[in-house]
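Here is the structure we will look at.
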Amino acid sequence: IAIRREDYAAPAYWIDTVDLTFDLDPAKTRVLNRMQMRRNPEVPVQPLRLDGDELNLARVLVNGQGASFRMEGEQLVIDGLPDAFELEIFTTCCPIKNTKLMGLFVSEDTFFTQCEAEGFRRITYFLDRPDVMAMYTVTLRAAKASYPVLLSNGNLVEQGELPEGRHFAKWVDPFKKPSYLFALVAGKLVAREQRIKARNGKEHLLQVYVRAGDLDKTEHAMNSLINSVLWDETRFGLPLDLDRFMIVATSDFNMGAMENKGLNIFNTKYVLANQATATDADYSNIESVVGHEYFHNWSGDRVTCRDWFQLSLKEGLTVFRDQEFSQDLCADASARAVKRIEDVRVLRTAQFPEDAGPMAHPVRPDSYIEISNFYTVTIYEKGAEVVRMMQTLVGRKGFEKGITLYFERHDGQAVTCDDFAQAIADANPESELARLLPQFKRWYSQAGTPRLAAHGVYDAQNRSYTLSVVQSCPPTPGQLTKEPFVIPLNIGLLDASGRELPMQLEGESDVTRGTRTLVLSRAGEQITFVGLDAEPVPSILRGFSAPVILDFEYTDAQLLTLLANDPDPFNRWEAGQRLGLRAALQGIAALATDTTPVLNDAYIDAMRSVLRNPQLDAAFKELVLTLPSETYIAEQLDVVDPQRVHLVREAMRAQLATALFADWQWAYEENHDTGAYSPDPTSSGRRALAGMALNFLCLAARTSGDVVWPGKTLQRFKDAGNMTDRFNALNALVSSGNTLAAQALARFHAIFKDEALVIDKWFSLQAGASDRGGDILPLVKQLMKHPDFSLKNPNRARSVIFSYCSANPGAFHRPDAAGYVFWSERVIELDAINPQVAARLARALDRWSKLAEPYRSAAREAIARVAAKPDLSKDTHEVVTRALAGN
Ligand code: ARG
Ligand code: ZN
């Protein structure tokens with residue numbers, strides 16, 4: 001049942017036009033689908049096979065005549081068709097029972113669709129594959145009182161009344177598209193509207209549709225959309241190609257959002273925000289996701305994927321574009337660097353483990369059982385890094401030329417990752433990318449995170465410094481050996497006092513200043529820098545110029561120099577992370593941790609200097625002062641005892657709290673007042689640092705018995721003028737286990753009981769809280785009995801179950817295995833409701849084979865229990881069988 005990339009064959013038929021008529025009814029929706037089709041002359045004559053899933057078929061007409069057909073599994077098969085014909089199919093489906101949230105479903109009395117990747121076949125029989133592109137006309141009919149708003153892709157061309165209180169709307173999409181970009185929405189919605197003029201003078205109507213009570217939470221999404229339209233025109237010359245562009249929010253959604261042509265459908269989490277209900281992080285996510293879906297209009301909709309193995313063609317490129325968008329909206333270099341560090345943190349804490357585990361796959365996979373399982377951090381985030389490396393190799397201007405050529409060549413087509421890389425290279429024929437293109441494309445075909453082992457030797461006699469770099473990549477499922485990658489390595493050299501040194505490579509006459517990009521392509525290479533009076537401190541992999549792990553035996557002194565001075569903010573942050581990681585690993589290795597402090601004075605002093613440094617922005621300080629996560633620390637170990645990792649990291653946090661107590665007080669006083677609320681990077685950075693300070697002050701109070709700061713924190717919680725400050729204060733009380741937490745939590749629930757997204761935060765904070773003596777699992781079970789809990793709503797299920805199983809390792813990995821038993825029960829339970837959500841949860845134990853005993857055996861047993869369940873969905877089945885195959 002695995003689908004393989006090498007088996008790709010062009011479709012046997014094309015669909016030129018689709019005319020859909022929906023009679024919307026929650027229990028029984030009728031769908032009339034009239035298609036103009038023709039045989040693809042380039043493939044041998046064969047029967048037409050249409051995909052379907054959970055449909056009730058009523059009638060099939062070919063050129064208006066009843067036709068004979070047969071069912072092969074879920075496929076509708078018709079033989080003996082002429083070369084061109086009209087095919088009419090009449091089916092019904094049941095949206096109200098659609099808990100999978102794929103195809104047509106009902107959420108809070110409103111109809112929505114989700115068709116990517118293979119949901120359209122749950123609406124009608126179709127060639128449900130992205131290389132079949134058609135022109136769509138859609139007529140929606142429904143009871144007017146219950147469904148006053150009727151939306152689909154493109155332009156509204158007609159609307160009117162029908163008998164018995166029903167009405168209709170007819171939509172025509174002026175662009176051909178694959179079925180996964182189809183969408184409809186019908187229900188009681190209201191819209192924020194904005195007319196904008198593009199650079200070419202064309203007017204567009206932008207709309208954000210939500211439920212009536214939520215209109216006051218749409219301003220930020222609308223502003224983000226306006227910024228997106230302007231940015232894509234300015235940076236890449238890509239204009240909005242529709243008269244009307246709509247965003248609609250639903251509270252029941254499997255993913256973040258969906259780029260349906262002209263009618264983006266979003267999880268409410270990535271649309272709704274006002275200062276009372278949304279945090280700075282929410283504001284920033286909304287900006288990214290609105291941008292992401294909008295940018296898909298070109299990178300995804302105008303040029304789409306030939307097949308689903310090419311998913312990163314649109315997702316990697318579009319993540320890269322949304323990352324660049326958010327960076328370009330930043331006012332200064334520091335804010336840009338903060339965004340870059342945040343993106344790299346996601347890559348390293350989520351994608352690196354994926355690349356090292358049983359679900360590892362190339363950016364362009366070779367096979368899958370269920371494509372939904374491949375909407376992964378590898379396809380998205382690593383895919384974006386691959387695009388970023390191309391930009392690094394051809395330069396920013398060269399990359400813009402490449403994008404222009406890509407859209408000129410492929411507009412209106414369904415293409416491959418090869419086509420994309422070729423266009424970028426062809427637009428830059430003199431570039432290193434063009435020279436090394438076939439080798440560069442190994443980033444698409446080889447899974448696993450490459451490792452760079454670097455080693456430096458100073459030669460005083462020749463005043464030279466030689467850096468040897470050896471690259472390797474561990475085996476991954478189905479790929480035992482790897483060929484060398486092309487790695488753009490950004491590098492700078494500092495002297496011992498932290499000043500940037502001019503750089504001259506051996507055999508070159510020019511001397512450069514600042515960062516240089518070296519291009520590695522061999523298994524091992526040596527780079528010699530000349531004209532150096534002393535051994536330099538190398539600042540390697542600046543800006544994280546490639547998605548690799550860099551091993552270099554920095555001394556503590558070198559790392560302290562980089563942390564204090566590196567002009568590259570990424571590596572400045574990275575030096576602090578390396579020091580923190582080193583301390584954590586030493587603490588974990590030394591079994592007598594309880595008595596010896598984990599952090600040394602030099603580290604604490606360096607952190608104090610960063611915190612007190614008037615030259616640095618608050619947002620950057622907050623990142624430096626954040627210790628590497630438990631997940632990231634665990635990845636560095638061959639055998640992981642999660643309780644030990646948790647214990648040591650908590651000890652480090654307690655030490656930072658106490659040793660920097662006066663500094664945290666100072667930082668809080670300096671940063672806590674950010675004036676009138678605005679989610680800009682500067683003030684959100686100050687709120688983040690003030691929140692961190694409160695957190696440490698409450699933590700310190702835990703050991704000192706201080707009641708002043710917890711009291712102040714409770715007061716701040718009560719008085720807060722925005723959700724960021726309020727939530728940070730609540731978090732400080734909860735995560736320090738303070739006795740005031742209970743009343744704050746109760747108050748928080750009472751204030752926000754009608755705000756679903758805030759109640760998600762309330763659940764998530766508790767399920768993700770630091771474990772003390774195994775208290776979180778019983779709490780999680782309690783939370784699942786709360787009247788507000790529902791397993792059917794993905795956001796709510798994630799806020800409790802994922803917050804515990806995937807985001808709280810210290811609480812989840814219990815020596816008594818009860819966390820794993822809970823996990824297996826929830827996976828099985830969710831699988832019957834929503835396989836996509838279940839399969840996501842199933843991945844919480846991806847890294848089970850690294851665990852120390854007794855965790856390892858218990859985790860394996862829990863996975864085996866899930867795998868043994870009969871009638872498991874393809875989604876969950878693929879995840880658990882791959883996990884078990886891992887060892
Ligand atoms: N294309 C969407 C996005 O990244 C996500 C699609 C969700 N896919 C799914 N199988 N649920 O913007
Ligand atoms: Zn996307």
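The values are calculated or read from the model by the stated rules, or taken from the named source; none is laboratory data. No experiment lies behind these values; they were computed from the predicted model shown. Please note: Cβ atoms are built from the backbone with ideal geometry, for glycine as well, and neighbour counts cover all protein chains shown.
Laid out as a table, the results:
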| item | result |
| --- | --- |
| So V229, is it within 21 Å of Q114 (Cβ to Cβ) and either in a strand (DSSP E or B) or touching a helix residue (DSSP H, G or I) at 6+ places or on another chain (Cβ under 9 Å) (or both) | no |
| 1 or more residues under 29 Å from D332 (Cβ atoms): qualifying strands (runs of 3 or more DSSP E) within the range 479-575 | 487-494, 516-520, 537-540, 549-552 |
| Pick from the range 703-731, criterion touching a residue at least 40 places away in the same chain (Cβ under 8 Å) and of a type in the set (D, E, K, R), ranking: surrounded by the fewest Cβ atoms within 10 Å (Cβ to Cβ) | R716 |
| Counted residues, the range 846-860 - those being closer than 23 Å to I369 by Cα and surrounded by fewer than 21 Cβ atoms within 10 Å (Cβ to Cβ) | 2 |
| Single match in A447, A454 (criterion: over 23 Å from F529 (Cα atoms) and either touching a strand residue (DSSP E or B) at 6+ places or on another chain (Cβ under 7 Å) or of a type in the set (F, W, Y) (or both)) | A447 |
| Close pairs from the range 251-277: first β-branched (V, I, T), partner within 12 Å of ligand 2 (Cβ to nearest atom), Cβ under 6 Å, at least 6 apart | I265/M258 |
| Residue selected from the range 235-267 under the condition within 21 Å of the chain's Cα centre (by Cα) and away from ligand 2 (no atom under 16 Å from the Cβ), by the criterion surrounded by the fewest Cβ atoms within 10 Å (Cβ to Cβ) | S251 |
| Elements of type helices (runs of 4 or more DSSP H) contained in the range 246-361, each with 1 or more residues being within 14 Å of ligand 1 (Cβ to nearest atom) and touching a strand residue (DSSP E or B) at 6+ places or on another chain (Cβ under 6 Å) | 280-295, 311-328 |
| Residue check, Q46 within 30 Å of I265 (Cβ to Cβ) and of a type in the set (S, T, N, Q) | no |
| Single residue of the range 729-743 satisfying the filter (assigned to a helix (DSSP H, G or I) and in contact with a Phe, Trp or Tyr (Cβ under 9 Å, 6 or more places away or on another chain)) that is farthest from F696 (Cα to Cα) | L730 |
| Check on E108, more than 16 Å from ligand 2 (Cβ to nearest atom) and either out of contact with any Phe, Trp or Tyr (no Cβ under 6 Å at 6 or more places or on another chain) or touching a residue at least 60 places away in the same chain (Cβ under 8 Å) (or both) | yes |
| Failed item, numbered, when R653 is tested on (1) under 30 Å from A590 (Cβ atoms); (2) surrounded by 23 or more Cβ atoms within 10 Å (Cβ to Cβ) | (2) |
| Matching helices (runs of 4 or more DSSP H) fully within the range 619-677 where at least 3 residues are within 28 Å of the chain's Cα centre (by Cα) and farther than 26 Å from G705 by Cβ | 630-635, 642-659 |
| Those residues of the range 303-317 which are among the charged types (D, E, K, R) and within 12 Å of D131 (Cα to Cα), in sequence order | R306, D307 |
| Qualifying residue in the range 525-535 (condition: crowded, with 21+ Cβ neighbours inside 10 Å, touching a helix residue (DSSP H, G or I) at 6+ places or on another chain (Cβ under 9 Å) and not polar (S, T, N, Q)) | no |
| Restricting the range 268-301 to residues that are among the β-branched types (V, I, T) and within 24 Å of Y180 (Cα to Cα), the residue that is farthest from ligand 2 (Cβ to nearest atom) | T268 |
| Residue pairs meeting the criteria (Cβ under 7 Å; at least 6 apart or on separate chains; first closer than 18 Å to N260 by Cα and of a type in the set (S, T, Y), in the range 139-153; second modelled with pLDDT of 95 or more and part of a loop (DSSP other than H, G, I, E, B)) | S152/A183 |
| Test: residue in the range 385-395 that is among the hydrophobic types (A, V, I, L, M, F, W, C) and more than 26 Å from R340 (Cα to Cα) | no |
| One residue from L585, L550, L532 being of a type outside the set (K, R), touching a strand residue (DSSP E or B) at 6+ places or on another chain (Cβ under 6 Å), modelled with pLDDT of 95 or more and under 17 Å from Y632 (Cβ atoms) | L550 |
| Hits in the range 362-371 (condition: within 16 Å of ligand 1 (Cβ to nearest atom) and outside any loop (DSSP other than H, G, I, E, B)) | Y368, I371 |
| Pairs with Cβ under 6 Å, 6+ apart, first in the range 296-318 and within 18 Å of Y368 (Cα to Cα) and of a type in the set (K, R), second away from ligand 2 (no atom under 12 Å from the Cβ) and modelled with pLDDT of 95 or more | R306/D131; R306/A414; R306/V415; R306/T416 |
| Selected residue (only one of S521, S539, S545 is small (G, A, S), surrounded by 15 or more Cβ atoms within 10 Å (Cβ to Cβ), touching a helix residue (DSSP H, G or I) at 6+ places or on another chain (Cβ under 7 Å) and more than 22 Å from L436 (Cα to Cα)) | S539 |
| Single unsatisfied condition, R336 versus (1) among the basic types (K, R); (2) surrounded by fewer than 23 Cβ atoms within 10 Å (Cβ to Cβ); (3) more than 27 Å from S629 (Cα to Cα) | (3) |
| Top-ranked residue of the range 91-136 - restricted to ones that are touching a Leu at 6+ places or on another chain (Cβ under 6 Å) and not in a strand (DSSP E or B), ranked as nearest to ligand 1 (Cβ to nearest atom) | I123 |
| Condition met for K314 (of a type in the set (K, R), within 15 Å of ligand 2 (Cβ to nearest atom) and over 17 Å from F420 (Cβ atoms)) | no |
| Residue, surrounded by the fewest Cβ atoms within 10 Å (Cβ to Cβ), within the range 166-193, restricted to residues that are in contact with a helix residue (DSSP H, G or I) (Cβ under 9 Å, 6 or more places away or on another chain) and closer than 12 Å to I247 by Cα | E193 |
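Residues are listed down the side, and each one gets a yes or a no for (1) at pLDDT below 95; (2) under 30 Å from E853 (Cβ atoms); (3) surrounded by fewer than 19 Cβ atoms within 10 Å (Cβ to Cβ); (4) of a type outside the set (D, E):
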site	(1), (2), (3), (4)
H749	no, no, yes, yes
K792	no, no, yes, yes
I801	no, yes, no, yes
P809	no, yes, no, yes
V821	no, yes, yes, yes
A832	no, no, yes, yes
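Each row is one residue, and each column tells you yes or no for (1) in a helix (DSSP H, G or I); (2) within 16 Å of ligand 1 (Cβ to nearest atom).
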site	(1), (2)
N373	yes, yes
T378	yes, yes
G383	yes, yes
M389	yes, no
R396	yes, no
G412	no, no
